[in-house]
Amino acid sequence: MAALNSRQRDFLLLSVYIMTQNCKYAEALTMVQGMMVMEDDSKEVLLARTILLFLLNRFDLALESLRELDLQDPLEQFGNYTRSDEQSMRHYIRARCLYTLHDADKAKDAIDIYLGNRRQKLSQ
């Protein structure tokens, strides 16, 4: 089976986005899984799968998908950098999944990472 080219991937991801906007999460996830069967394990497809699993309240699978995404696209960087919206979202999803799965210690650590230096600003 031939891999998707960038134009096909973009079209399918746009379709996934539209389905997600219309709260058709299961259908969108099916499309993402089909893309993965077509050997498209790009960062964008893994991120879409993670978000959809989160929206479907499949927190255990969303965490596993985050781990896979972290292997392909490490979240943490060293030195001075500004955290992107995508990085913040990934931190939030991790914290929420861990909290919902009652892993209090890891959830607290994830929340601390998500809030980062904002926690100090909030306490002032």
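The values are calculated or read from the model by the stated rules, or taken from the named source; none is laboratory data. Note that this is a predicted model, so its numbers are computed, not measured.
Here D41, D60 are screened, and the one residue that is closer than 22 Å to S88 by Cα and in a loop (DSSP other than H, G, I, E, B) is D41. In summary, no helices (runs of 4 or more DSSP H) completely within segment 66-124 bear 1 or more residues that are β-branched (V, I, T), under 25 Å from M36 (Cα atoms) and at pLDDT below 90.
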